[in-house]
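One structure below.
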Amino acid sequence: MDINQPRIRSLMRQASRVEEAGKRAAAEQLYRQILDEAPETEAAWLGLARMAANPAAQAEAYERALALNPENKEAKVGLADLRGDPVPGAWRKEVEAARLPEPEPMPVVKKEVVAATATAVTAPAADDHTETYEFTCYRHPDRGTSLRCYNCHNPICASCTNKTSVGYLCPDCKRDLEDKFFNASATDYIIAALVSLPLSLIAGYLVWRLGGGFFFIFIMIFIGGAVGGLIGRLTKKAIGGRRGRYLPHLVLVMMVMGVVIPGLPILLSAMAGSGGALFAFITPAVYLFVAGGSAFYWMK
Ligand SMILES: [Zn+2]
Ligand SMILES: [Zn+2]
């Protein structure tokens with residue numbers, strides 16, 4: 001890709017806006033992204049040199065710009081300044097004149113100022129045909145958008161939106177709301193494990209005792225849900241009905257252990273190749289599938 005690509009030009013405009021807004025780290029990251037895609041972009045090396053956090057990186061970026069264009073005054077002046085070498089005054093003037101901001105009425109991304117709703121607002125930039133969006137996604141600086149999170153008003157691109165009944169929600173706000181919804185403590189996780197493991201072991205032991213007859217496979221489809229539901233509900237009750245993001249998964253793991261641990265002798269002999277035991281795995285597998293799904297549902 002080269003500088004003439006619309007994408008690179010758009011990223012360059014974005015980078016210089018971020019730079020003008022004084023967000024050095026974000027600007028540096030954008031320039032690096034441009035250079036990853038288009039390493040021949042002289043202006044991006046200069047931008048990186050201005051924004052890079054340490055002098056060594058700045059010097060290297062100026063050198064890359066000079067390699068592309070040995071006459072580049074800004075790079076010469078910048079490098080001389082870094083090294084403490086004298087610079088002809090005319091050069092400095094030339095550089096400063098070139099760096100005067102162009103009369104470009106581009107909207108600067110301001111998260112806080114506009115208190116807009118999540119409804120789409122499309123405002124094409126007058127002087128720009130490649131960018132027809134008012135904002136850029138706060139998580140993807142290279143993506144234009146006209147959507148905003150209804151909660152924090154940050155601009156978000158289409159792939160960052162979570163549609164809710166009241167509007168679009170950004171991933172951070174979604175996570176915050178979920179954190180309020182998930183109110184289980186670390187202790188609840190321990191209690192859930194301590195309650196669901198013994199229950200799962202008892203159920204698992206009984207399942208192995210049943211064996212692999214077709215009849216038991218058949219009834220497992222019916223009673224598996226009830227057994228799983230019982231494990232789920234008792235565990236949920238033990239933690240006061242609180243919810244945890246990973247509590248259903250935890251109970252599921254306990255249920256798998258409840259089957260694997262009592263079945264270890266059979267599993268080991270099957271692995272040792274004594275054969276014929278394959279049939280014995282069907283009932284426990286059906287049980288785990290049905291009961292696990294039910295317990296998972298109840299733990300949600
Ligand atoms: Zn938000
Ligand atoms: Zn995004």
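Computed from the coordinates by the stated procedures, all read-outs in this text should not be read as laboratory data. Keep in mind that this is a model prediction, so the values were computed, not measured. Cβ placement follows ideal geometry from the backbone for every residue including glycine, while neighbour counts extend to all protein chains displayed.
With respect to the chain, whose longest principal axis is taken over its alpha-carbon atoms, helix 186-210 is tilted by about 40°.
Divide by every residue of the chain the summed helix terms, -39500 (n - 2.57) for each DSSP H run of at least 4, and state the resulting mean residue ellipticity at 222 nm, rounded to the nearest 500 deg cm²/dmol.
After summing the helix terms and dividing by residue count, I get -19000 deg cm²/dmol.
Build a GNM of the chain with springs between Cα atoms under 10 Å apart, and of GLY263, GLY84, GLY47 the one that fluctuates most is GLY84.
Restricting the calculation to alpha carbons of the range 6-98 gives Rg and Dmax of 12.8, 39 angstrom. For the chain, the Cβ-based charge dipole about the Cα centre amounts to some 1800 debye (Lys, Arg positive; Asp, Glu negative; other atoms uncharged). Principal-axis analysis of the Cα atoms of the chain puts helix 24-37 at an angle of about 90° to the longest axis. When the pairs LYS180/LYS237; LYS174/LYS237; LYS174/LYS300 are compared against a 25 Å limit on Cα-Cα distance, LYS174/LYS237 fall above it. Taking square-rooted eigenvalues a ≥ b ≥ c of the alpha carbon gyration tensor, is the range 186-299 rounded, prolate or oblate, where a/c under 1.5 means rounded and, failing that, a/b exceeding b/c means prolate? Taking the square roots of the gyration eigenvalues as a ≥ b ≥ c, the range 186-299 is prolate. Compared with the dominant principal axis of the Cα atoms in the chain, helix 247-260 is inclined by about 50°. One quarter of the surface of the convex hull around the alpha-carbon atoms of the chain equals 25.3 nm², the direction-averaged projected area.
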